[in-house]
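Notes to accompany the following structure.
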């Protein structure tokens with residue numbers, strides 16, 4: 001940790017629905033890091049991130065965001081964080097600009113700064129021609145971009161994204177990846193779940209593999225290869241090997 | 001499931017839905033069965049609130065409800081059971097007007113159903129990409145709408161017809177035939193109106209216009225009669241117009257076709273057969289004329305849904321607190337909600353007769369002015385319930401609001417403020433006008449509005465669910481208890497306000513009963529768990 005406050009620290013995080021979804025999970029994400037959380041369907045990735053975002057109450061364990069206990073002081077934690085789900089939840093009857101104005105207002109951002117930021121973000125995501133159109137006729141990709149712009153307009157220190165590239169075309173996906181990379185370089189922390197392992201392999205500083213609600217492996221790609229005794233294998237092969245081993249166990 | 005006789009379909013059809021010569025279409029009966037199955041499941045889902053394990057309980061509940069409904073039916077129509085043909089003109093007018101009102105309500109429901117078929121998409125993509133003959137499929141769709149509208153009307157009319165038959169003889173069962181006939185004709189008119197609207201004003205305006213039409217068409221007739229009664233006779237009773245000499249003077253002779261429905265209800269078999277036959281012919285003509293256009297209309301509606309509406313051009317972002325941001329968003333969404341526009345318009349339409357009555361009574365200080373108060377209080381309670389559902393439950397970006405840095409209590413408070421401010425904006429002018437005529441009544445009315453709106457909002461808050469605004473139509477199915485509680489609290493506060501003006505001690509009892517209903521609702525609400 002080099003004495004630096006971690007961006008996110010999960011301590012024994014547990015959540016049970018009809019079965020155990022997250023099983024005493026311990027996880028630390030450093031500041032200014034791009035962290036990818038991968039795992040098979042139903043592994044507990046989304047449940048974990050929803051607990052971090054304050055959308056689900058854990059049954060046990062703790063969540064610290066930049067040293068703030070998110071369960072004790074959720075408002076302070078949320079002020080520093082943004083959440084983007086795989087199903088973009090935006091308002092059909094608002095335009096992208098109106099949506100961003102609303103989000104900036106909710107986070108208490110000064111209008112002048114948020115307006116400039118909104119224009120810049122929407123332009124960088126290719127939404128400039130649609131600034132004043134209501135979102136009701138937008139494709140899923142366009143809606144996802146509006147939701148992403150909403151997450152970035154208040155300049156969060158921690159961005160949590162659940163499958164943000166779902167439904168995006170190649171060009172839009174490149175825009176989004178570029179934007180997230182820029183944010184990390186500017187000092188932001190990004191935690192992202194993805195099924196596209198190539199994205200995790202290329203973009204993430206560290207990768208966490210989660211299965212049955214537990215972290216089964218973690219590290220840089222090189223570290224993961226080393227841990228598993230493969231020196232020249234793809235993340236996909238590593239992932240399958242790790243998940244298969246866990247399933248067999 | 002592959003339909004028998006449709007398993008060897010090959011795929012060639014032109015844009016009118018006509019298949020090529022070597023194409024075997026799925027049989028009409030199969031589509032009819034498919035339509036019936038979907039309708040049954042939708043009805044069951046509506047009755048059970050979407051809970052799959054409760055059909056038996058829903059049927060038992062429905063039977064109990066139907067049995068209980070015989071009591072008010074007895075009170076309303078029991079004394080008319082001895083009516084026999086020939087009727088005098090006034091009675092014929094009243095009976096025909098009642099049938100026309102039922103027809104108008106069915107027309108309103110049918111317009112809503114047709115619009116839903118065009119815009120909700122559901123299985124239209126699948127159907128239109130299939131090799132089936134589209135005019136056939138859409139004929140079945142039209143028939144389904146007619147059957148569902150008629151079926152619902154038959155169900156609702158059963159207690160009334162039972163009471164009439166029990167007291168006046170089996171001849172009253174002919175009324176079921178009349179209900180079926182007017183249901184079929186209402187569906188035919190609804191389809192024709194909606195498709196003609198599409199052609200005339202385009203898909204964008206048709207949706208809103210049809211929603212407004214559906215909302216006001218049934219109420220419009222009653223309101224028009226009330227306005228005529230106020231202007232001509234100085235009373236709110238619509239019967240004053242129907243039983244007047246003037247109405248009898250312009251009514252056609254007893255042998256006119258206008259009286260067929262009334263004669264048929266009274267057991268005239270010839271009139272009933274003619275009525276049923278003409279309704280079936282009308283529906284058949286509409287199916288033949290409009291089925292081929294149904295597909296084009298559905299495609300146009302889909303294309304409209306995919307296009308975007310241009311909002312206002314850019315302006316500066318506004319500042320303020322987080323609650324202000326929330327309130328601004330809610331007001332903006334409410335302004336742009338087509339359902340709310342139609343609903344508000346309907347509530348305002350209901351307020352037109354009392355407003356005219358108020359204006360007429362301005363000079364003579366009539367005691368009948370007291371009648372205005374319960375109408376206003378009731379309307380406020382109902383409108384507040386709808387607004388509260390839209391703002392509290394119908395949150396399209398629930399995750400965003402939940403991850404925003406402000407406590408949930410402040411989010412809820414901002415939303416409640418929006419409901420109460422909207423109710424204030426709608427009803428304040430009426431209360432202000434009332435204050436000029438009767439200050440005490442204005443105070444009581446304002447109190448009633450506040451209590452009615454607050455109660456409806458509280459009930460929506462206790463029974464809140466996470467839903468999309470577009471699901472508003474189905475809000476009643478999520479909790480029957482909340483729906484009934486909201487209706488009873490509005491009625492309770494309306495009655496209490498009226499009693500406070502007429503018999504103040506009775507108002508205390510009525511108010512206590514309404515509070516008891518609200519307390520019981522809170523006790524049964526899921527948020528209490």
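The values are calculated or read from the model by the stated rules, or taken from the named source; none is laboratory data. Since the model is a prediction, treat every value here as computed from it, not as a measurement. Using ideal geometry, Cβ is built from the backbone for each residue, glycine included, and neighbour counts are taken over all protein chains shown.
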- Task: For residue B:169, state whether it is closer than 29 Å to residue B:83 by Cβ, surrounded by fewer than 22 Cβ atoms within 10 Å (Cβ to Cβ), in the same structural domain as residue B:42 (by TED's automatic domain parsing) and more than 26 Å from the chain's Cα centre (by Cα).
- Result: yes
- Would it be correct to say that residue A:78 is in a loop (DSSP other than H, G, I, E, B), modelled with pLDDT under 95, over 24 Å from residue A:215 (Cβ atoms) and within 9 Å of another protein chain (Cβ to nearest Cβ)? no
- Query: Is at least one residue of segment B:478-488 over 21 Å from the mean Cα position of the chain (by Cα), in a helix (DSSP H, G or I) and closer than 22 Å to residue B:525 by Cβ?
  - Reply: no
- Message: Residues that are modelled with pLDDT under 75: list the helices (runs of 4 or more DSSP H) wholly contained in segment B:186-302 that include at least 3 such residues.
- Response: B:239-242
- Message: With the structure loaded, tell me whether residue B:308 is modelled with pLDDT under 90 and within 14 Å of another protein chain (Cβ to nearest Cβ) or whether it fails that test.
- Response: yes
- Query: Among the listed residues A:109, A:90, which satisfies the condition of being at the interface with chain B (Cβ under 7 Å from one of its Cβ atoms), in a loop (DSSP other than H, G, I, E, B), out of contact with any strand residue (DSSP E or B) (no Cβ under 9 Å at 6 or more places or on another chain) and surrounded by 20 or more Cβ atoms within 10 Å (Cβ to Cβ)?
  - Reply: A:90
- Please identify the pairs in which a residue from segment B:457-469 that is modelled with pLDDT of 85 or more has its Cβ atom under 7 Å from the Cβ atom of a residue that is crowded, with 18+ Cβ neighbours inside 10 Å and part of a loop (DSSP other than H, G, I, E, B), counting only partners at least 6 apart or on another chain. B:462/B:525; B:463/B:479; B:463/B:525
- Query: Here are some residues: B:437, B:411, B:443. Which one is within 14 Å of chain A (Cβ to nearest Cβ) and surrounded by fewer than 20 Cβ atoms within 10 Å (Cβ to Cβ)?
  - Reply: B:411
- In segment A:57-70, anything away from chain B (no Cβ under 14 Å) and touching a residue at least 12 places away in the same chain (Cβ under 8 Å) is listed as A:58, A:59, A:60, A:61, A:62, A:64, A:67
- Do we find a residue being away from every other protein chain (no Cβ under 11 Å), within 22 Å of the chain's Cα centre (by Cα) and free of Cβ contacts under 8 Å to residues at least 40 places away in the same chain anywhere in segment A:133-144? yes
- Out of (1) touching a residue at least 60 places away in the same chain (Cβ under 8 Å); (2) surrounded by fewer than 16 Cβ atoms within 10 Å (Cβ to Cβ), the one residue A:19 does not meet is (1)
